[in-house]
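The values are calculated or read from the model by the stated rules, or taken from the named source; none is laboratory data. Computed from a predicted structure; not experimentally measured. Methodologically, a virtual Cβ is constructed for each residue, glycine included, from the backbone with ideal geometry; neighbour enumeration extends over all protein chains shown. The accessibility values were calculated without ligands, DNA or RNA, using every heavy atom of the protein model including side chains. Shrake-Rupley method; radii C 1.70, N 1.55, O 1.52, S 1.80 Å.
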Amino acid sequence: MSNCKSSICSHLIKDHFGDLTQTVCDVLLQKCDCHLRQLTSEAKIPLDRVKHVLTVLIQNNLVTFQKNKRGQTEYTLDHDAILWRNRIPHYIFCGKNLYGDAAELLIEDIAHNGQITMSTVVENVTDKLNEALENAGHPKIGASVVYEKFKALANTHFIKQCVNPLETLCPEDIDECAVAKLYTVPPFQPGNRKRKLASDEEAQPVNKKIKTEAGASAADDHIYWTINNNRFHRYFTDQLLIKAIRSKIDERAGQILQTILRLNEVMTEDLALTSNPVSFIEIFQALPKDLQLSKQICEQYLTVMADDSTGFVNKIGDSGGGMYTINMMKAMTTICTAHVESVIQERFGSKSLRIFRVLILKKHLEQKQIEELVMIPAKEAKELLYNMFAQNFITITEISKTADHAPARSFYLFRVNLEQVARMLLEHSMKALMNTIVKREMETRENRRLMEKEERAEAIIANLERSGGDAEQKEEILQSITPAEKTQLKRVKHMINMLDQCELQLDETIFVLETYLQYCETKLKTKR
């Protein structure tokens, strides 16, 4: 793991959990695997506080543990899980778009707690929704409504049961039944948790009271649920494909591709190079009714998509009106190439982009062939070509006619190693993300006093409004912030907002590059 990625993890831990947790995580980042005594010594923090930090990190699925050969428990930090915490707002927004407000609150509560029982989160979300509905003057809803949304999230694998770390199985011991069990939702009895707390509160000892308050109904006791990050990432990948096909063809083609992806959402394995085949009849029957597509037009769209140069959709048979699959590897290659091309356009210009596209299309070319194909003067083409070569966007392959590799008797072919370019851009994106986080922290730290002053003024004004204060008092509070301070606050807020937007865009680029590289690794494994 790069130093830049380690630094990002450290800063994110500080943002989410504070300085103490950051100190412990810094030791884990340096030592990789670390047992408790070593961790306490290196971090120079009391044992009880280290235990508390590890409990929090394990609860949030950021630390795993296992026994070493000496029988000691070693703790390991999950770097990817830390970086994925930046995507929690995307997870929440995804739940809202797919299943509504209840699903949004469910994902938010599960992500906030890390691991939580079903009945606890259902009761929590029901209480939040009813409070909001009551304030708005609307009738309350029952917990069964939220429970149905929970089931929908589990059935589509957006949430899953936590695996007991003490009962880990080898990959060959995991069968379909064990996987299906992770998404099996136990029955729910509305109000059972509250009745249990009320009836048993006086009769139980103090330690059992605490367990009861933290527990849930008997039906799902000790069954904890967490966010399925991989399923969300697969959904984001699907959205990238739909967006690409919409821009290449039209909205209807995007709807058809979305239907194929939806039919495959829980059947195809993660990072599978191609999706499971789906028949034309299944696709047509699953299309949204408001799309109003006839069979003939739908078949024409599928033919166009199968013949398109992007190669997203492949026709592999004629049964059932035609069997169609999605080539995920080729789709991610196309999307990754588009991102790389945008970088080349911004860094080197449109003429260099023409050279890059010709190399992508023709694979291997000599310098003279490139000059002829891109129709750029030889001197300029040579300068642009070697400029990209110097920055590792293209590579050279030497093919010698003789064993002495004399330059006069050798061919020099230029080509694009997309996987190598993607790794380089991923590292650059990580550095840019790190710089953005550091800049945001610096702006917040330098203007903390001013921002706290504004927060205090807003809190005082809110209290005056609730207590019925007059306008003069409010105006006096507002005048406590000088015009110069208001200008400074406006500048700082604008800067922080721009940096937040930059973080989101960089995370999207990082996601595309990482997903493409993961598919490359999967393809390499299938060849072995």
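Given axes a ≥ b ≥ c from the Cα gyration tensor, I'd like to know whether region 317-457 is rounded (a/c under 1.5), prolate (a/b larger than b/c) or oblate.
Details: a/c = 2.86, a/b = 1.58, b/c = 1.81.
Oblate shape, in that a/c is at least 1.5 and b/c is the bigger or equal ratio.
If you put +1 on each Lys and Arg Cβ and -1 on each Asp and Glu Cβ, how big is the dipole of the chain around its Cα centre, in Debye rounded to 20? Could you put the intermediate results ahead of the total?
Working: 68 positive and 71 negative charges, 273 e Å.
Here the size comes out at about 1320 debye.
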Contact order relative to length of region 384-528, as percent, for alpha carbon pairs under 8 angstrom and 6 or more apart: 26
DSSP-loop GluC sites (Glu not before Pro) across region 216-283, with at most 11 other Cβ within 10 angstrom: E269
Sulfur and carbon atoms: percent of accessible area, region 65-122 [1.4 Å]: 48
Region 433-514, relative contact order in percent, only Cα pairs under 8 angstrom and at least six apart counted: 54
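If you put +1 on each Lys and Arg Cβ and -1 on each Asp and Glu Cβ, how big is the dipole of region 488-528 around its Cα centre, in Debye rounded to 20?
Details: 7 positive and 6 negative charges, 26 e Å.
Approximately 120 debye in magnitude.
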Percent accessible area from carbon and sulfur atoms, region 389-495, protein chains only, probe 1.4 Å: 54
Read-out Rg and Dmax of the Cα atoms in Å, derived from the coordinates shown; its label in (i) 28.3, 94; (ii) 25.1, 78; (iii) 31.0, 97: (i)
Cβ-based charge dipole, region 416-528, positive-most Cα from M434, P483, Q518: Q518
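Using alpha-carbon pairs under 8 Å, 6+ residues apart, how would you state the relative contact order of the chain in percent?
Numbers: 537 pairs, mean separation 52.6, N = 528.
It comes to 10 percent, rounded to a whole number.
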Accessible area per residue in Å² at 1.4 Å probe, computed on the chain: 56
Paired Rg and Dmax values of region 447-528, which use every Cα atom, in angstrom: 23.9, 78
Members of K379/K401; K248/K351; K151/K527 lying beyond 29 Å, as alpha-carbon distances in this model show: K151/K527
Cα gyration tensor category, rounded, prolate or oblate, for region 347-387 with a/c compared to 1.5: oblate
Members of K14/K44; K96/K128; K330/K363; K243/K431 lying beyond 21 Å, as alpha-carbon distances in this model show: K243/K431
